[in-house]
There are 2 protein chains.
Amino acid sequence: MGVFSIFNRPPQPFRLSPTFSKLLLLFTVSGGGLVAYSESNSSNNDAIKSSQLDAKKKRVVVLGTGWAGTSFLKNIDGSIYDVRVVSPRNYFAFTPLLPSVTCGTVESRSIVEPIRNIIKKKSGDIKFWEAECVKIDAKNKKIHCHFNNEMHLEGNEDFLVEYDVLVIALGARSNTFNTPGVIEHCHFLKEIEDAQKIRRSIIDCFERASLPNLSEEERKKALHFVIVGGGPTGVEFSAELHDFIIEDLVNLYPMLQDLVKITVIQSGDHILNMFDGRISSFAEEKFKRDGIEVKTGFRVVSVSDKAITMKGKQNEGISSIEYGMVVWSTGIGTRPVIMDFMEQIGQKDRRALATDEWLRVHGCDNVYALGDCATIHQRKVMDDISEIFNVADKDKSGTLTVKEFQDVIDDICVRYPQVELYLKSKHMSSAVDLLNNSKLKDKEESEEIDIEGFKSALSHVDSQMKNLPATAQVAAQQGAYLARCFNHMKGCEDNPEGPLRFRQSGHHRFRPFLYKHFGQFAPLGGEQTAAELPGDWVSVGHSTQWLWYSVYASKQVSWRTRILVIGNWTRRFVFGRDSSRI
Amino acid sequence: MGVFSIFNRPPQPFRLSPTFSKLLLLFTVSGGGLVAYSESNSSNNDAIKSSQLDAKKKRVVVLGTGWAGTSFLKNIDGSIYDVRVVSPRNYFAFTPLLPSVTCGTVESRSIVEPIRNIIKKKSGDIKFWEAECVKIDAKNKKIHCHFNNEMHLEGNEDFLVEYDVLVIALGARSNTFNTPGVIEHCHFLKEIEDAQKIRRSIIDCFERASLPNLSEEERKKALHFVIVGGGPTGVEFSAELHDFIIEDLVNLYPMLQDLVKITVIQSGDHILNMFDGRISSFAEEKFKRDGIEVKTGFRVVSVSDKAITMKGKQNEGISSIEYGMVVWSTGIGTRPVIMDFMEQIGQKDRRALATDEWLRVHGCDNVYALGDCATIHQRKVMDDISEIFNVADKDKSGTLTVKEFQDVIDDICVRYPQVELYLKSKHMSSAVDLLNNSKLKDKEESEEIDIEGFKSALSHVDSQMKNLPATAQVAAQQGAYLARCFNHMKGCEDNPEGPLRFRQSGHHRFRPFLYKHFGQFAPLGGEQTAAELPGDWVSVGHSTQWLWYSVYASKQVSWRTRILVIGNWTRRFVFGRDSSRI
């Protein structure tokens, strides 16, 4: 039963005790594959039988079918594990195209793939249940689920699922920062349904403004589209909306052309401020040319049914603007079920579940978290500096030679990725350069370094520690990484592939998760896209738009959605976007 | 102002008096193009200006954008009339494909065309307002409209529209026959939204039945799909659902395959009983082979959240069946606004607005009704028999010669289409045969016939009078017919093209509306379709399915929707239907 405990997090209480392992094994063999707590006659003979057959397989429960969950699911080997996926959505959605769905450039059906299609293509026992996880009970290794659809039910919409290993990939929700009125009056842009609602709402605004009994003032108000948040989603939506209006809607509502206005409210000094400054400036200039007003340095303090109230950073006081539609896109917040779970495991008041570098949730056994609901808590080099020195100092001389350091440097770099980032930021070619600096200060001729010198040599590397962005790219890589670890669990027990353990003996079974950044796009409308590619390469313009088309087409989860998305783009070129209010 | 009065219905009060005409003209010129009763500052300068320019144009208000309204709109000449279209849907939907939308064979976006796209292609002043007509005030020639969308409003969502001529094409709603529980628990299949809801609901049933905590009994219940009504819509939906399940869903939910059941409840003795008996039998046999249960002779008496209660015709007593989803498709009922209007004009307790053969609403001036909200009240030959005889008896001899009869027979056939239907049903080649029968009975050698003989000769022709079916075909033909009448109003005033007036002098300005039946399809699933074509030609099978494909593709309202629909069909062949619950 120690299969998962080889991940070996330092605090001992997290490791399975032999007694508990035996009990768990007994329980698993005895057929408790899943226990339904419905009061009705739960004659789940099939389920119980298959559980008995697969009694030796670990039950892996995956929560969520977003980027992380689906990527895990696609890569996990169903012949090794009993996989159960629980999600309120029976499909995977290609969320980077959501802004395109809001204006009908791409249809919502084109960017979704049923989870069961993905399962069908895999071997092994994989089950999907469309339900929402409402509570994680880590103590009893159970999750509470709720089926919540439009069907008439008889009170048995709640059920329990037991797990041996839990993979939490529930994602995040929109963050309102508790601003009053946001939930009641604003649109969000996280789910397919949100995009569909926004699409209807845009048409509502135009139809509203076309009615005969309105004053010009009222028409203008109905056609004022406000986007709160100047991040990639908010900016892409603004650009899409602008294109939709000038390419399609003005032809159908010509009398309203001069009344439409788009405003982006951004609390920071620039929109797209997570991108290179050149991209921010280009975007701001393009928006200016397009007539999209960008209000930077404003924080929204409340939203009423008629107006948005905001506060300027430079003491401009409180100001209000009337609107027809608001889209709120200011970043991500924590789902209630995750908040509740964090409280259980002593992670209260965090934004996301803290995991170690192997995606294991801190303070909780056999639970993994990935994607937007989790952040990796990277260990600092300085916290382990003595242990690193001790391991490196093979001859226990109290000093480290360059040779000794070189022997462990690879393991250090794998275990603490911030070291490599620091070297890159300082344009150093090798970690030995770190020591050289320190040695020079210490004793000029010496080839060795003592613990104090070692500490001072590495004292700045932790400054390069960064949280990973909450993007699809990170989530997908984490899902694939975790599935690979699960699939190689047995083999890596004997032949660990991870770095040296500095605080214990031996090697880590796996390398810690390492994120590879492949760049990021920021579509700006008018067939222009900005891209920040690896190596600080910035690209802007029409050619980048075509790069965007090809990357997004190639990244589709199936050939079906790929062809549908390309078909939608073609349709848009030929016929424009549809403005029917459905 | 007498442009419309040349339609000349016999009762004089319906004709515009000269004084009223002058008043109306004055009012129109004075700029009251439309009066909004919003309390806000209605500075509709543009609207008023354009109304002043077009002051001489009649304001034609069209209610509804279904088959009748859209067909009228496509054909009306916008340079002659000031056309205003009011409808709660800003698109036209190709409703015959709705059953395909319920299962995702065709996407809802593929069968809708924005009304503004249609207007854009037309010249002249045509306006569209997305609002629901909540009251028709024929006395003051105004309609009350209500804008009812998800937008936040400030109390001015109601407005008035004035008209000179009103075209009512509001369609019908589903008829529940006041059966308790139907509105709360059943799906309908009239609007795009209905089809989308059904699609989600089908997936809900399958996801519900997949949950781990259900007994087999409960799974079976969730997967029991009941269709109430064995007409073309109900049967086509059943067939589509069956195809969706066996072609797509069983691959994704293999464990549920044996638990699914489809039941069609039909109050009559056969399904598709408006079709030829051969088609009914074929459909019933095919459904039997497919495992679709057809319960004929059962009337649903109530629907609860769990079960449908029904009563057999042959005193089987009351029985109940549990269901997962019910689709109610038993025919059409009257919309509340039409009921209210009928009460105003003395047509209380009717199912639909009664019009004359020129689609003019009885008891109401300058109001036309077409499509499912209206029925043509065809005059009987026997009611006008003396007038017909008098007009035909040119020499006022008191008897009719064959020659005299032949001179008016064409006019009779045009004015009373039942005559031609009667001849066809009796396999007579000419109307003179009618007289021959009568003469033989009367006086064998005489070439003449008196009023009594004439009456007896024509005494049976009215038996062939039939109400037109409530189909898209009828509505579309009526819309095109009425638009043509409106467009030719001026010209036909001088050169009437209609038949002789038998109850007054001169000719009718236009020929009465005559429906041409081009046949009807009944898709039965499994790439098989039944068709009843003109001339009692019945065709069933795969080749008819291809005829169906080509007819439905060719009948699309635009090239855009045509290509989208064909694209959807192709997609279904290649990838199957999507089962994502969105």
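The values are calculated or read from the model by the stated rules, or taken from the named source; none is laboratory data. Predicted model only: the values in this text are computed from it and were never measured. In this analysis, Cβ positions are derived from the backbone assuming ideal geometry, glycine residues included, and neighbour counts consider all displayed protein chains.
Count of the range B:305-337 residues, restricted to those that are closer than 16 Å to residue B:179 by Cα and touching a helix residue (DSSP H, G or I) at 6+ places or on another chain (Cβ under 7 Å), is 6.
The set of residues from the range A:529-548 being in contact with a helix residue (DSSP H, G or I) (Cβ under 7 Å, 6 or more places away or on another chain) and not small (Gly, Ala, Ser) comprises A:529, A:532, A:538, A:540.
Residue B:225 falls short on exactly one of the conditions (1) more than 11 Å from chain A (Cβ to nearest Cβ); (2) part of a helix (DSSP H, G or I), and that condition is (2). Pairing residues of the range B:370-386 that are assigned by TED's automatic domain parsing to the domain that holds residue B:166 and on the phi > 0 side of the Ramachandran plot with residues that are surrounded by 19 or more Cβ atoms within 10 Å (Cβ to Cβ) and outside any loop (DSSP other than H, G, I, E, B), at Cβ distances under 8 Å and at least 6 apart in sequence or on separate chains, gives B:371/B:67; B:371/B:68; B:371/B:69; B:371/B:474; B:371/B:475; B:371/B:478; B:371/B:479. Tell me whether the range A:133-151 contains one or more residues that are under 30 Å from residue A:568 (Cα atoms), of a type outside the set (D, E, K, R) and in contact with a strand residue (DSSP E or B) (Cβ under 8 Å, 6 or more places away or on another chain). Within the range A:133-151, one or more residues are under 30 Å from residue A:568 (Cα atoms), of a type outside the set (D, E, K, R) and in contact with a strand residue (DSSP E or B) (Cβ under 8 Å, 6 or more places away or on another chain). State whether one or more residues within the range A:159-178 are of a type in the set (A, V, I, L, M, F, W, C) and part of a helix (DSSP H, G or I). Scanning the range A:159-178, I find no residue that is of a type in the set (A, V, I, L, M, F, W, C) and part of a helix (DSSP H, G or I), so the answer is no.
Might you let me know whether the range A:403-410 holds any residue that is in contact with a helix residue (DSSP H, G or I) (Cβ under 8 Å, 6 or more places away or on another chain) and β-branched (Val, Ile, Thr)? Walk me through it before giving the result.
The first filter runs over the range A:403-410 and keeps only residues in contact with a helix residue (DSSP H, G or I) (Cβ under 8 Å, 6 or more places away or on another chain), leaving A:404-409.
Keeping just the survivors that are β-branched (Val, Ile, Thr) gives A:408-409.
Yes, there is a match, as at least one residue in the range A:403-410 is in contact with a helix residue (DSSP H, G or I) (Cβ under 8 Å, 6 or more places away or on another chain) and β-branched (Val, Ile, Thr).
Every condition in (1) more than 8 Å from chain B (Cβ to nearest Cβ); (2) in contact (Cβ under 8 Å) with a residue 60 or more places away in the chain; (3) surrounded by fewer than 22 Cβ atoms within 10 Å (Cβ to Cβ) holds for residue A:163 except the one numbered (3). Number of residues in the range A:44-75 that are surrounded by fewer than 24 Cβ atoms within 10 Å (Cβ to Cβ), of a type in the set (A, V, I, L, M, F, W, C) and at pLDDT 55 or above equals 1. Filtering A:517, A:507 for residues that are touching a Pro at 6+ places or on another chain (Cβ under 9 Å), of a type outside the set (Ser, Thr, Tyr), within 30 Å of residue A:367 (Cα to Cα) and free of Cβ contacts under 8 Å to residues at least 40 places away in the same chain leaves a single hit, A:507.
Only one residue in B:197, B:121 is over 30 Å from residue B:324 (Cα atoms) and either free of Cβ contacts under 8 Å to residues at least 24 places away in the same chain or of a type in the set (Val, Ile, Thr) (or both), so which one is that? Lay out the reasoning, then the answer.
Values: B:197 fails: over 30 Å from residue B:324 (Cα atoms).
Sole residue among the options that is over 30 Å from residue B:324 (Cα atoms) and either free of Cβ contacts under 8 Å to residues at least 24 places away in the same chain or of a type in the set (Val, Ile, Thr) (or both): B:121.
Quick one: in the range B:539-558, which of the residues that are part of a strand (DSSP E or B) and free of Cβ contacts under 8 Å to residues at least 60 places away in the same chain is farthest from residue B:569 (Cα to Cα)? If we take residues in the range B:539-558 being part of a strand (DSSP E or B) and free of Cβ contacts under 8 Å to residues at least 60 places away in the same chain, then B:539 is farthest from residue B:569 (Cα to Cα). Output the number of residues of the range B:498-531 satisfying the condition of being on the phi > 0 side of the Ramachandran plot, of a type in the set (Gly, Ala, Ser) and either in contact with a Leu (Cβ under 7 Å, 6 or more places away or on another chain) or assigned to a loop (DSSP other than H, G, I, E, B) (or both). Counting residues in the range B:498-531 that are on the phi > 0 side of the Ramachandran plot, of a type in the set (Gly, Ala, Ser) and either in contact with a Leu (Cβ under 7 Å, 6 or more places away or on another chain) or assigned to a loop (DSSP other than H, G, I, E, B) (or both) gives 3.
Under the condition of being in contact with a strand residue (DSSP E or B) (Cβ under 8 Å, 6 or more places away or on another chain) and away from every other protein chain (no Cβ under 11 Å), the residues counted in the range A:106-132 number 4.
Yes/no per residue for (1) buried (at least 16 other Cβ atoms within 10 Å of the Cβ); (2) outside the structural domain of residue A:78 (by TED's automatic domain parsing); (3) modelled with pLDDT of 85 or more:
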site	(1), (2), (3)
A:433	no, yes, no
A:437	no, yes, no
A:440	no, yes, no
A:446	no, yes, no
A:452	no, yes, yes
A:459	no, yes, yes
A:478	yes, no, yes
A:481	yes, no, yes
A:486	yes, no, yes
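Consider the range A:275-305 and keep the residues that are surrounded by 13 or more Cβ atoms within 10 Å (Cβ to Cβ) and assigned to a loop (DSSP other than H, G, I, E, B). The one that is farthest from the chain's Cα centre (by Cα) is A:304.
Answer with yes or no whether residue A:75 is more than 21 Å from the chain's Cα centre (by Cα) and polar (S, T, N, Q). First the steps, then the outcome.
Details: more than 21 Å from the chain's Cα centre (by Cα): no; polar (S, T, N, Q): yes.
Spelling it out, it is not the case that residue A:75 is more than 21 Å from the chain's Cα centre (by Cα) and polar (S, T, N, Q).
Within the range B:228-281, the set of residues being free of Cβ contacts under 8 Å to residues at least 40 places away in the same chain, in contact with a Ser or Thr (Cβ under 9 Å, 6 or more places away or on another chain) and not aliphatic (A, V, I, L, M) comprises B:266, B:268, B:269. Scan the range A:306-317 for residues that are of a type in the set (Lys, Arg) and in a strand (DSSP E or B) and jot them down. Across the range A:306-317, the qualifying residue is only A:311.
For residue A:193, the conditions (1) part of a loop (DSSP other than H, G, I, E, B); (2) within 23 Å of residue B:208 (Cα to Cα); (3) within 14 Å of another protein chain (Cβ to nearest Cβ) all hold with the exception of (1). Taking the criterion of being within 14 Å of residue A:105 (Cα to Cα) and in contact with a Pro (Cβ under 9 Å, 6 or more places away or on another chain), the residues of the range A:544-581 that qualify are A:552, A:578, A:579, A:580. Looking at the range B:528-538 only, could you name the residues that are in contact (Cβ under 8 Å) with a residue 60 or more places away in the chain and surrounded by fewer than 16 Cβ atoms within 10 Å (Cβ to Cβ)? Scanning the range B:528-538 gives a single hit, B:536. Screening residue A:103 against (1) within 12 Å of chain B (Cβ to nearest Cβ); (2) hydrophobic (A, V, I, L, M, F, W, C); (3) out of contact with any Cys (no Cβ under 9 Å at 6 or more places or on another chain) leaves a single unmet condition, (1). Of everything in the range B:457-474 that is in contact with a strand residue (DSSP E or B) (Cβ under 9 Å, 6 or more places away or on another chain) and not in a loop (DSSP other than H, G, I, E, B), the residue that is nearest to residue B:404 (Cα to Cα) is B:457.
Taking (1) surrounded by fewer than 19 Cβ atoms within 10 Å (Cβ to Cβ); (2) more than 30 Å from residue B:81 (Cβ to Cβ); (3) modelled with pLDDT of 90 or more; (4) not charged (D, E, K, R) in turn, residue B:568 satisfies each apart from (1).
For the range A:201-216, filtering for residues that are free of Cβ contacts under 8 Å to residues at least 12 places away in the same chain and in contact with an Asp or Glu (Cβ under 9 Å, 6 or more places away or on another chain) leaves 2.
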